[in-house]
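Read the structure below first, then the notes.
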Amino acid sequence: MDEARRDRNRAHHGCDHVFFIGFLGAGKTTVARNLGNMFHRSFVDVDHMVERDLHASVARIFETRGEQAFRVAETRSLESLRRRRSLLVSCGGGIIESERNAVLMHEMGSVVFLDGTLEDSLRQIRRPEKRPDLGDLAHARELYAHRRPLYEAACDYRVIISGKTFEQVAYDVGELLWERGLL
Ligand SMILES: Nc1ncnc2c1ncn2[C@@H]1O[C@H](COP(=O)(O)OP(=O)(O)OP(=O)(O)O)[C@@H](O)[C@H]1O
Ligand SMILES: O=C(O)C1=C[C@@H](O)[C@@H](O)[C@H](O)C1
Ligand SMILES: [Mg+2]
């Protein structure tokens, strides 16, 4: 085994987090919170970590400092999870825009992709004004088409969310992780 791979495995065993990725509004935050409550596992949300770090809402950070500043803080938040153990981690929809983030997640644990259509996301998002980067429908479609292969490439497991309630998704993900000894 080469050195990089040995290091990756060692870090993975120590951290053991489960990361939830997927398009905006797929239900990452809700599922991590539901599973955390069901299985008594601590959960954190990377968007909330960034908000605490920069003392502003995601929308405000985008507005005043720009997306790049948000992305830098997002990676910093992810890196800080090396010091923690066995968390359920809901990520922002754009976490896979950076290759470094994908590497970090794999070093620290397993990655679950909540896979739905763009329509699933748009239906679920209650307050679109809080999603500054979604834009109009044409932009949302472009973003979705660009990102879907990135989510697929970055994940260890994929769970279809279409046609399911948030509770069903939590149940399906819980079963999958439980069977693999990850919960
Ligand atoms: N049980 C529920 N029933 C119906 N709608 C819900 C439920 N739980 C959450 N929602 C709504 O679904 C939307 C998406 O949920 P959530 O915030 O968990 O998605 P997300 O993938 O974390 O989104 P983001 O990428 O923006 O962080 C939210 O706008 C929320 O208001
Ligand atoms: O899809 C995205 O690029 C984002 C999704 C949100 O969760 C936030 O992380 C932020 O609004 C960026
Ligand atoms: Mg979220």
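No value in this document is a laboratory result; all are computed from the given coordinates. None of these values were measured; they are calculated from a predicted model. Counting neighbours? That spans all protein chains shown, and the Cβs are built from the backbone with ideal geometry, glycine included.
Given a Förster distance of 22 Å, report the FRET efficiency between Asp16 and Gln168 from their Cβ-Cβ distance, rounded to the nearest 0.05.
Efficiency, rounded to the nearest 0.05: 0.30.
What is the gain in length, in nm to one decimal, between Glu179 and Tyr157 on full extension, counting 0.36 nm per residue of separation less the C-alpha to C-alpha distance?
Roughly 6.7 nm would be gained on extension.
Restricting to Cα pairs below 8 Å that are 6+ residues apart, what does the relative contact order work out to for the chain? Please round to a whole percent.
Computed over the chain, the figure is 34 percent.
What is the set of long-range amide H partners of Arg158 at a cut-off below 5 Å, with H atoms built 1.01 Å from backbone N?
Phe113
So, with +1 on the Cβ of K and R and -1 on the Cβ of D and E, and no other charges, what is the size of the charge dipole of the range 3-168 about its Cα centre, to the nearest 20 debye?
The dipole of the range 3-168 has a size of about 480 debye.
Roughly what would the spin-label model give for Ala56 and Glu97, points 7 Å off Cα along C-beta, in nm?
Between Ala56 and Glu97, the label points sit 1.5 nm apart.
Could you rank the peptides 144-152, 92-100 by their average count of other C-beta atoms within 10 Å per residue, with the highest value first?
In decreasing order of mean packing, 144-152, 92-100 become 92-100, 144-152.
What are the ³J(HN,Hα) couplings of the range 29-43, residue after residue, when phi is run through the Karplus curve with 6.51, -1.76, 1.60 and θ = phi - 60°? Round to Hz, x for glycine and proline.
After applying 6.51 cos²θ - 1.76 cosθ + 1.60, I find 5, 5, 5, 4, 5, 4, 5, x, 5, 5, 10, 6, 10, 5, 10 Hz.
Take every Cα pair under 8 Å in the range 33-90 that's 6+ residues apart, average their separations, divide by the length, and report that relative contact order as a whole percent.
That works out to 48 percent.
For the chain, set up a Gaussian network in which alpha carbons nearer than 10 Å are linked by springs, and say which option among His139, His106, His48 fluctuates the most.
His139
Quick check for you: which residues of the range 14-45 have the amide N under 16 Å from the point 7 Å beyond the Cα of Ser86 toward its beta carbon?
14-19, 35-44
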